[in-house]
Amino acid sequence: MTPFAYREQGLCVEAVPLTRIAAQYGTPCYVYSRAALEFAFRNFDGAFSGLPHLICYAVKANSNLAILDLFARLGAGFDIVSGGELKRVVAAGGDPSKVVFSGVGKTEAEMRLALELGIHCFNVESEAELYRLNEVAGGLKRRAPVSLRVNPDVNPRTHPYISTGLKESKFGIEYARAFELYQVAQGLPHLVVRGIDCHIGSQILQVEPFVDALERVLELVDRLKAAGIRLEHLDLGGGLGIRYRDECPPDLAEYARRLAERLAGRGLKLLLEPGRALVGNAGLLLTRVEYLKPGQTRHFAIVDAAMNDLMRPALYDAWHDILPVVPHQGSARTWEIVGPVCESGDFLGHARSLALAQGDLLAIMSAGAYGMSMASNYNSRPRAAEVMVSGEQVFLIRERESVEALYALEHLLPTDALSAS
Ligand code: LLP
């Protein structure tokens with residue numbers, strides 16, 4: 001699947017040149033390929049066709065309604081971490097009964113909303129949350145479906161900021177306490193134990209950590225079964241990595257086969273919560289060079305996208321390929337690709353060898369996951385537009401924000417309060 005390719009008019013997304021998108025929608029602009037999104041979902045889902053399963057797309061990776069709608073139509077469930085994400089799923093036509101709710105800080109209001117909508121399962125992350133959920137469900141005269149998110153204490157061998165399954169982590173329930181807390185959950189009148197859950201981290205590039213986590217979780221499943229607590233599903237979370245530069249993510253078929261092997265004959269439905277693997281390489285961030293500022297030690301290309309649009313380089317020192325939309329013949333130089341935000345950490349790429357001129361368009365690749373969903377308005381920068389390409393068509397799926405919208409919720413002090421001082 002190659003949704004991004006150079007043709008006569010330069011770099012294209014499916015059949016549409018990025019030059020056309022920049023002319024019509026301006027920059028910075030997130031551009032997604034519908035074919036790539038659908039391919040990624042079908043491929044992931046298809047890899048598990050031999051097992052009872054549900055792919056719950058992790059909404060946090062990219063929560064645009066048009067993307068949620070596409071996945072919902074392909075049969076996806078959703079992994080959410082807030083009432084806001086749940087409302088997005090519903091607004092996009094997603095089925096609440098296929099939603100799992102993760103996160104360490106669920107509020108009563110969020111629990112109520114999820115119970116009223118009838119979600120599939122709460123992934124409970126602490127003992128205190130069990131009691132709160134029991135109470136909220138009781139108040140609504142319902143029983144809340146629960147899994148405990150256990151912390152299998154395996155090392156996913158990824159960036160420490162996105163490792164979540166170690167025992168030092170704030171996420172999940174300590175492995176050693178999980179059995180006892182299942183007994184607590186079983187005894188609470190307004191809860192119904194449905195499954196077990198874990199999520200060990202993100203951008204994981206080997207199958208072993210997933211298999212290790214699965215084995216740890218299955219040991220617990222067996223102990224619970226012996227104690228009369230039978231589970232319907234096992235949720236192994238998300239975390240499968242993608243190629244940003246030269247990484248070699250595990251082959252999907254291999255990942256599926258290794259998990260299936262261990263689940264065979266257990267009658268457990270497998271839930272997975274992929275985010276990045278479904279959207280990461282289906283989108284790019286289109287930006288224009290505002291200024292070139294060659295210097296004695298370093299040369300800066302100042303582009304109109306910044307850390308507020310794509311935080312990953314500044315936050316994790318993450319690499320994103322940066323491609324010229326219309327390549328030049330001229331000689332290449334080594335550029336620091338930076339944005340206009342007033343922070344030294346505002347960069348999108350270091351030391352990139354490119355032949356550049358002012359006004360050039362650049363494509364920051366692999367920006368479909370944790371790009372727009374982590375964008376902010378820092379420096380009062382309106383968030384970028386988002387478009388989706390489908391064959392020869394381009395659809396605006398999020399308008400560029402206006403500056404007025406940024407301060408629309410703010411209020412001056414009333415005049416009498418000001419004159420009183
Ligand atoms: N399930 C849970 C409970 C999660 O916390 C996450 C991601 C996922 C699923 C989806 O993980 P994925 O398949 O996308 O790896 N902002 C970081 C990534 C943070 C991931 C947080 N949790 C980044 O830009 O790399």
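Take the conditions exposed (fewer than 15 other Cβ atoms within 10 Å of the Cβ), within 30 Å of Asp197 (Cα to Cα) and in contact with a helix residue (DSSP H, G or I) (Cβ under 7 Å, 6 or more places away or on another chain) and apply them to Ala277. Does it pass? So Ala277 fails the test.
Figure legend. Inter-residue proximity from the range 379-394: first residues touching a residue at least 60 places away in the same chain (Cβ under 8 Å) and among the charged types (D, E, K, R), second residues surrounded by fewer than 16 Cβ atoms within 10 Å (Cβ to Cβ) and in a strand (DSSP E or B), beta-carbon distance below 8 Å, spacing 6+ or different chains. Indicated pairs: Glu386/Leu396. Of the helices (runs of 4 or more DSSP H) contained entirely in the range 244-344, those carrying at least 2 residues that are small (Gly, Ala, Ser) fall at 252-263. Take the residues in the range 86-109 that are crowded, with 22+ Cβ neighbours inside 10 Å and more than 19 Å from Gly172 (Cα to Cα); name whichever of them is farthest from the ligand (Cβ to nearest atom). The selected residue is Gly94. Could you tell me which residue of the range 353-378 is nearest to Ala22 (Cα to Cα), considering only residues that are away from the ligand (no atom under 16 Å from the Cβ) and surrounded by fewer than 19 Cβ atoms within 10 Å (Cβ to Cβ)? Among those residues, the one meeting the criterion is Gly359.
Just to be sure, is Ser373 over 24 Å from Cys12 (Cβ atoms) and not in a strand (DSSP E or B)? Yes.
In the range 336-352, the qualifying residues are those that are of a type in the set (Gly, Ala, Ser) and surrounded by fewer than 19 Cβ atoms within 10 Å (Cβ to Cβ), and the one that is farthest from Asn379 (Cα to Cα) is Ala351.
Any residue that is in the same structural domain as Pro52 (by TED's automatic domain parsing) and at pLDDT below 95 - is there at least one of those in the range 234-252? Yes - at least one qualifying residue is present in the range 234-252. Among the conditions (1) more than 16 Å from the ligand (Cβ to nearest atom); (2) over 22 Å from Ser147 (Cβ atoms); (3) of a type outside the set (S, T, N, Q); (4) touching a strand residue (DSSP E or B) at 6+ places or on another chain (Cβ under 9 Å), the only one that Ala260 does not satisfy is (2). Selection of the range 72-82 for residues being within 16 Å of the ligand (Cβ to nearest atom) and either among the small types (Gly, Ala, Ser) or part of a helix (DSSP H, G or I) (or both) yields Ala76, Gly77, Ser82. When the range 195-235 is filtered for residues that are closer than 18 Å to Tyr182 by Cα and without any contact (Cβ under 8 Å) to a residue 24 or more places away in the chain, the ones remaining, listed by number, are Glu219, Asp222, Lys225, Ala226, Gly228, Arg230.
If the requirement is being closer than 22 Å to Gly237 by Cβ and assigned to a helix (DSSP H, G or I), which of these qualifies: Leu68, Leu113, Leu54? It would help to see each step written out before you state the result.
Values: Leu113 fails: closer than 22 Å to Gly237 by Cβ; Leu54 fails: assigned to a helix (DSSP H, G or I).
Exactly one residue qualifies, and that residue is Leu68.
For Gly139, indicate whether it is among the small types (Gly, Ala, Ser) and out of contact with any Gly (no Cβ under 9 Å at 6 or more places or on another chain). Against the criterion (among the small types (Gly, Ala, Ser) and out of contact with any Gly (no Cβ under 9 Å at 6 or more places or on another chain)), Gly139 qualifies. Taking the numbered list (1) touching a residue at least 12 places away in the same chain (Cβ under 8 Å); (2) under 20 Å from Ser373 (Cβ atoms); (3) within 16 Å of the ligand (Cβ to nearest atom) in turn, Asp317 passes all entries but (1). Looking only at the range 58-77, residues that are within 12 Å of Ser373 (Cα to Cα) and out of contact with any Phe, Trp or Tyr (no Cβ under 9 Å at 6 or more places or on another chain) come to 2 in all.
Residues of the range 229-256 that are in contact with a Phe, Trp or Tyr (Cβ under 7 Å, 6 or more places away or on another chain), within 16 Å of the ligand (Cβ to nearest atom) and of a type in the set (A, V, I, L, M): Leu236, Leu240, Leu252, Ala256.
A Cβ distance below 6 Å, combined with a sequence gap of six or more or placement on separate chains, defines the contacts here; from the range 105-132, residues that are in the same structural domain as Gln183 (by TED's automatic domain parsing) reach residues that are at pLDDT below 95 in the pairs Glu125/Gly172.
Scanning the range 41-72 for residues that are over 14 Å from the mean Cα position of the chain (by Cα) and small (Gly, Ala, Ser) gives Gly46, Ala47, Ser49, Gly50, Ala66, Ala72. The condition of being touching a residue at least 24 places away in the same chain (Cβ under 8 Å), part of a strand (DSSP E or B) and touching a Lys or Arg at 6+ places or on another chain (Cβ under 8 Å) holds for only one of Val146, Val100, Val136, that being Val146.
The values are calculated or read from the model by the stated rules, or taken from the named source; none is laboratory data. Computed from a predicted model, the values in this text were never measured in an experiment. We place every Cβ from the backbone using ideal geometry, glycine too, and count neighbours over all the protein chains shown.
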